[in-house]
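Novice: Below is the structure I would like to discuss, written out as structure tokens.
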Amino acid sequence: MHMFTLAQLSGFVAVAEELHYGRAAARLRMTQPPLTRQIQALERELGVQLIDRTDRAIRLTPAGRAFLRDARRLLHDADSAVLAVRRVPTGEAGTVALGFTAASAPAALGPMLARMRTQLPQVDLVLHEMVTADQLDALSGGNLDLGLVRPPVTRPELSSREVRREPLVAALPAQHRLAQRDSLQVADLDGEDVVMWSPTESRYFHELLVGLFRDAGIAVRYSQHLTQVHSILALVEVGVGLGLVPEAAARARFTGVTFRPLITPDPEPVRLHAVWRTTNANPALRAMLDLPWTAPDLRTHSGL
């Protein structure tokens, strides 16, 4: 293993670029004799001659020309490493483990990633698609830094902030009779087959829909109980039933599915919260929480 130093590399690059020991020494704010010794020590370590000293002019040997590219790269990498490690305590660099639900990804995740690339480009996001209950467990256990989950968040060790509200839409098989309407009332779904959200893994959406059906005084038939929005839409497409999904899910491309607005007492009943462990000291997380999450397409009512 070769044990040259950054000082030796800096000295060699200065001499190679100036082709003059005196100017190179002045550039490095040192005298010429120690600079000469640095170059000689570097050549001994590498076992090759880098600088041709056979006449009064200084020239690089073929080995010296080849090594110059690598020396510049090594110095650049060293400077970058110093800058990167200095950014970590301020949150300008680092890693954040981010959880999200499949239903939240189309609306919230994309704008968040775009903001991160422009505002905190040195922060790496490690993404984990998880249902809300699993995210809360991971946040409490320290395995996630930040989660995008459905409320309520009642654990005392966790802090949360609402970041999005959006309407529900009805996802209908393209040939369904209700697909001919411009919009639907909840009462229009009376007696219909519904591909329902799971009461355990997707408890938030399950309880939201059950409450809507109860308040409207209607009865529907649950054809299946599923967890992921894409699975619900896949069953809607083949006619298993209709689905009620967040508006952002309408961006999904299912050729056999027609989306229609659903008129509800609360026009934006679907909530999304950002959640983190209150005692999490990750500087990069704190930098994320300080960003103004106010992109118009987030429809955010309280920014991160």
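Only the coordinates and a few stated rules stand behind these numbers; no lab work does. Here the structure is a predicted model, which means the values were calculated and not measured. Don't worry about glycine lacking a Cβ; one is built from the backbone with ideal geometry, like all the others, and counts go over all protein chains shown.
Novice: If I stretch the segment between Ile58 and Val238 completely, what's the gain in nm (0.36 nm per residue apart, minus their alpha carbon distance), one decimal?
Specialist: Value of the extension gain: 57.0 nm.
Novice: Something else now. Just want the answer: with Cβ charges of +1 for Lys and Arg and -1 for Asp and Glu, which residue in Ile39, Phe67, Val13 is farthest toward the dipole's positive end in segment 6-88?
Specialist: Working it through, the farthest residue towards the positive pole turns out to be Val13.
Novice: Something else now. Modelled label-to-label distance, Asp79 and Ser231, 7 Å Cα→beta-carbon offset: nm?
Specialist: 5.3 nm
Novice: In what sequence, highest mean first, do 98-105, 198-205, 132-139, 28-35 appear when ranked by Cβ atoms within 10 angstrom?
Specialist: Packing order, densest peptide first, comes out as 98-105, 132-139, 198-205, 28-35.
Novice: Separate question: Scanning the chain for helices, which whole DSSP H stretches are 15 Å or more long along the axis (Cα) and average 0.0 or more by Kyte-Doolittle?
Specialist: TM-like helix candidates: 6-18, 203-216.
Novice: Considering only DSSP beta bridges whose two residues both sit in the chain, what percent are antiparallel, to the nearest 5?
Specialist: 55 percent
Novice: Order these peptides, 150-157, 206-213, 63-70, 230-237, by their mean beta-carbon neighbour count within 10 angstrom, highest first.
Specialist: Top of the packing list down: 230-237, 206-213, 63-70, 150-157.
Novice: Let me ask something else. Could you give the size of the charge dipole of the chain about its Cα centre, using +1 on the Cβ of each K and R and -1 on the Cβ of each D and E, expressed in debye and rounded to the nearest 20?
Specialist: The calculated dipole for the chain is roughly 1380 debye.
Novice: So who's got an amide H within less than 5 Å of the one on Trp197, skipping anything under 5 residues away but keeping other chains? H placed 1.01 Å off N, in plane.
Specialist: Leu226
Novice: Classify segment 161-304 as rounded, prolate or oblate, taking a ≥ b ≥ c as the square roots of the eigenvalues of its Cα gyration tensor: rounded when a/c is under 1.5, otherwise prolate if a/b is larger than b/c and oblate if not.
Specialist: Prolate, since a/c reaches 1.5 and a/b exceeds b/c.
Novice: Quick one: in the chain, what % of C-alpha pairs are over 29 Å apart?
Specialist: Counting every Cα pair in the chain, those more than 29 Å apart make up 55 percent.
Novice: Given H placed on each backbone N at 1.01 Å, which residues far from Asp52 in sequence or on other chains put an amide H within less than 5 Å of it?
Specialist: Hits under the 5 Å cutoff: Arg59, Leu60, Thr61.
Novice: Find the eigenvalues of the gyration tensor of the Cα atoms of segment 1-62, then list the square roots of 5 times those eigenvalues as equivalent ellipsoid semi-axes, largest first, in whole angstrom.
Specialist: 17, 15, 9
Novice: Moving on to the next point. Taking the Cα centre as origin and putting +1 on Lys and Arg beta-carbons and -1 on Asp and Glu beta-carbons, what dipole magnitude results for segment 6-88, to the nearest 20 debye?
Specialist: Its charge dipole is roughly 200 debye.
Novice: Which of the peptides 39-46, 251-258 is most tightly packed, and how do the rest follow, judged by the mean count of other Cβ atoms within 10 Å per residue?
Specialist: Ranked by mean Cβ neighbours within 10 Å, highest first: 39-46, 251-258.
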